[in-house]
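Derivation of every value follows stated rules applied to the coordinates shown; laboratory data play no part. These figures come from a predicted structure and were not determined experimentally. Cβ placement follows ideal geometry from the backbone for every residue including glycine, while neighbour counts extend to all protein chains displayed.
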Amino acid sequence: MGAHGPAKGLMRWVTTTNHKDIGTMYLWFSFAMFILGGAFAMIIRAELFQPGLQIVEPEFFNQMTTMHGLVMVFGAIMPSFVGLANWMIPMMIGAPDMALPRMNNLSFWILPPTFALLASTLFMEGGAPNFGWTFYAPLSTTYAPDTVTFFIFGVHLMGASSIMGSINIIATVVNMRAPGMTYMKMPMFVWTWLITAFLLVAVMPVLAGAVTMMLMDVHFGTSFFSAAGGGDPVLFQHIFWFFGHPEVYIIILPAFGVVSQIIPTFSRKPLFGYDSMVYATASIAFLSFIVWAHHMYTVGMPIAGELFFMYATMLIAVPTGVKVFNWITTMWKGAMTFETPMLFCIGFVFLFTVGGFTGVMLSLAPADFQYHDSYFVVAHFHYVMVAGAVFSMSAAVYYWLPKWCGKMYDETMGKAHFWISFIGFNLTFFPQHFLGLAGMPRRIPDYALQFTDFNTMSSIGAFIYGASQILFLFNVIRTIVAGKPTSEEKTWDGAEGLEWTVPTPAPYHTFTTPPDVK
Amino acid sequence: MAGHSNTDYETYYVPEQSKLAIWASLTLFTTLFGAASVLNDQTFGEPGQETNSWFIFLVGLVLFLATLFVWFRQTIIENRAGMNSSQLKHSYVIGMQWFIFSEVMFFAAFFGALWYVRNLAGPWLAGEGEAGRMNDLLWPGFEYTWPMMETPQDAIGGVGNQITANNGVMTGPERNLSFPGWSNVGHWLPLYNTIILITSSVTAHIAHLALLKGNRKGQNLWLGITVALGLAFVYLQYLEYHEAYVEYGLFLNSGIYGTTFFMLTGFHGFHVCMGAIMLLVQWLRSTRSSHFTPEDHFGFEASSWYWHFVDVVWVGLFLFVYIL
Ligand SMILES: [Cu+2]
């Protein structure tokens, strides 16, 4: 092999094949998207601060809810975990790099132009996509703005990126483990990503199929989603949610993996019930394929369908419960300390469980007729997406940042970030449960007067939560620029795993010859 | 540090730098941006306006294909230079297998849509069960049959009588391409296409067996026959489409029958073309450059897996689109 260190300048990043470089690019890109999607959220909450229309037009408000969802799901959360997978999986299984390094670079470099295009639709004639991140037909076909075509090809590109990224992860985990690293010795993060990658390869093509059908309906007069020609708009919902439900596990399973790495470290005990964690993850993945229509109870399905999807959905609470109990049991009687990553993980366990319980409430078909399309649903999935995925991502950054850059972050600032996030988050989303139960629909720019107080609280909470992310950014940059250097291989004394056996900061190439795993 | 010598471990080849990815990314993006602009001009644009959408699309496409050519070429050169450890070769195998799985799921979406409209949406539109209660109001007189020759819009006398959103005219076909009965089966192109594709899967397998025995001549011959059969399939499919458009009054927008028929057979035909090109490349490599050995022939193997996959999809199509 040629040079051992990275090349210099911009071309290092453009031409790199190194899993750490690519992981870093994914992480920074996803943070940029997090800020962009967050800005959209701030506009939404500013408009909802009080009743009446004050800041934006309803048409623009719809574009904001749509773009917020799309950017956060496809631009922020998913790429952030792919970045983490790139950085950590090769180091955790003792591999020299990802299995297909050039394709790895391609998976990343598809994303920036795609999201630049998606964001630029805001300035195009007719405005950005305005049909919600679920882009139901006929809103996204008959009534769509002209920019829907760019949206469709954007989804194709993101899908291609995700599929290539996932195939790479599967090939890496299946083929690149160091001798002795059997499947049942793999760190939980690797397991959860292996299963996530399988889900991605299975459902991203289905999403590609859905947008392709939209494209044909919009431009070629086909009638997939048009009853007049013998199709059905509800068909769109079935195909979308066949992708969409596994998608929420694509987002949350890597988060489970992160939490399963961090809680044992700061409890100074091995993960309780490792095997059951693996089986629970696999069960959740399997169940995710047979529950999609729980998003469609009110659409007019036959009663047998309602019952099947209701019971199947409730079943998911079982493996999820196994996981929550395992995390708590791992902490039980452990010599616990509460550094920032651990705080975020404990926050995760509490708040994700709240989101899980509201999920069980929503799974009940008769009750869902009340909650459907209300702020209760908004509260539910933000407990899972923000307090679940984003909290665990913050935990991961604090946990591995010293290993990545050889500098220690500021613990006080980290803890402040956690507590401000925790308070801001709950202030934003807890009142939304009440708003939804009281009947406030989602995706509206104006609301009835009785919803004012909770909305004002929610908006204040959102501004606090948003501000706390600036603190996060500041802390990370400060660490990289001026953090206290550390060269301990093991940053945390309770940490286990191969990534803690390599020098700190992790050298550009690790494990060019595989380690021996006992 | 690289260059450790570990006798029982081959170094996994990780190219240090590569411009391939950024080229592929930017050219693919340009292609799709151009394609979207072409479609938007056509559907939403002013008639007769001048745009450079086609130019953007074609430039992107040519450069993207060129990038792919260079990329695959480089991969082959690396392998022939002995840079690929057996572990890396296995990574390629896994990559191809999961890529084919993703293609299976893409087709599953379209087969699923076909199943849904035939078994659920169609009967509901015709008033069956709870979900069909609105039939009297929305589509009075619509009867469900498959192939759907009369759309709900036809049944109520055209788009003017429609009380739901106007998505344009959606008229059923004049004739369909389903099984025409035993007396006419001799003129039924899909039957010939089925025979051709299944034969081509067999010939691809024979070529593989010849390759495993080191029989270069047999390999070239049978692989060549496979490619020829693939091209014959594409030609017959073209004839069928021509017949549909010119004689049968069956168009892409002929209601849900035309929609599902052309989308399923169209995507399949596109994949046949891709598969045939892949096999043709392997044939050229084998005949002109004597690539492939009985132990090392991943390019051939991957292409033939792809070919078998395309064949299996056709069997599904033949059953669910043409016969049942
Ligand atoms: Cu769901």
*Round to the nearest 10 and give me the degree value, 0 to 90, for the angle of helix A:303-315's Cα axis relative to the longest principal axis of chain A.*
20 degrees
*Dividing the Cα convex hull volume of region A:266-309 by residue count, how many Å³ per residue is that?*
100 Å³
_With angles folded into 0 to 90 degrees, how steeply does helix A:274-287 sit against the dominant principal axis of chain A? Use alpha carbons for both and round to 10._
30 degrees
*How high is the FRET efficiency from A:T329 to B:V202, r the C-beta distance, R0 45 Å, rounded to 0.05?*
0.20
*Scattering from the C-alpha atoms of chain B alone, worked out with Debye: what is log10 I(q)/I(0) at q = 0.07, 0.09 1/Å?*
-0.42, -0.66
*Normalise the Debye intensity by I(0) for region B:17-83, one equal point scatterer per Cα, no solvent, then take log10 at q = 0.14, 0.15, 0.19, 0.21 Å⁻¹ and round to two decimals.*
-0.52, -0.56, -0.73, -0.81
_Using the Cα centre of the protein assembly as shown as origin and beta-carbon charges of +1 (Lys, Arg) and -1 (Asp, Glu), tell me which of B:I56, A:S458, A:G356 is placed farthest towards the positive end of the dipole._
A:G356
*Roughly what angle does helix B:255-289 make with the longest principal axis of chain B, taking Cα atoms, 0 to 90 degrees, to the nearest 10?*
20 degrees
*With r as the distance between the Cβ atoms of A:F357 and A:F289 and R0 = 22 Å, compute the FRET efficiency 1/(1 + (r/R0)^6) and round to 0.05.*
0.45
*For region A:317-459, would you read off the P(r) tail past 22 Å as a percentage of all alpha carbon pairs?*
49 percent
*Would you mind working out the magnitude of the charge dipole of region A:1-123 relative to its Cα centre, with +1 at each Lys and Arg C-beta and -1 at each Asp and Glu C-beta, to the nearest 20 Debye?*
440 debye
*Given a Förster distance of 41 angstrom, what is the FRET efficiency for B:A66 paired with A:Y183, based on the Cβ-Cβ distance and rounded to 0.05?*
0.50
*Charge dipole of the protein assembly as shown about the Cα centre (unit charges at C-beta), most positive-ward option of B:I206, B:I22, A:M181*: A:M181
*With a cut-off of at most 14 other beta carbons within 10 Å, and DSSP calling the residue loop, which trypsin sites (Lys or Arg not before Pro) in region B:71-150 qualify? Please list them.*
B:R133
*Across region A:1-139, how large is the tail of the calculated P(r) beyond 17 Å, expressed as a percent of all Cα pairs?*
65 percent
*Check: chain B dipole with +1 on Lys, Arg Cβ and -1 on Asp, Glu Cβ, in debye*: 1160 debye
*Determine the principal axes of the Cα atoms in chain A, then give the extent along each, sorted from largest to smallest and rounded to whole angstroms.*
64, 47, 45
*Of all chymotrypsin sites (Phe, Trp or Tyr not before Pro) in region A:329-406, which ones are in loop regions per DSSP and have a Cβ with at most 12 other Cβ atoms within 10 Å?*
A:W332, A:F338
*What lysines sit close enough to A:K518 to cross-link, taking a C-alpha to C-alpha distance under 28 Å and skipping anything fewer than 8 places away on the same chain?*
A:K20, A:K185, A:K269, A:K323, A:K333, A:K403, A:K490, B:K89
_Could you work out [θ]222 nm for chain A from helices alone, using -39500 (n - 2.57) per DSSP H run of at least four and dividing by all its residues? Round to the nearest 500 deg cm²/dmol._
-22500 deg cm²/dmol
*Within chain B, helix-based [θ] at 222 nm, where runs of 4 or more DSSP H residues each add -39,500 (n - 2.57), nearest 500*: -22000 deg cm²/dmol
*Let me know the charge dipole size of region A:28-500 about its Cα centre in debye, to the nearest 20, where only the beta-carbon of Lys, Arg (+1) and Asp, Glu (-1) is charged.*
1160 debye
*Reachable aspartates and glutamates, given that their alpha-carbon falls under 17 Å from the alpha-carbon of A:K8 and they are not under 8 places away in the same chain*: A:D21, B:E16
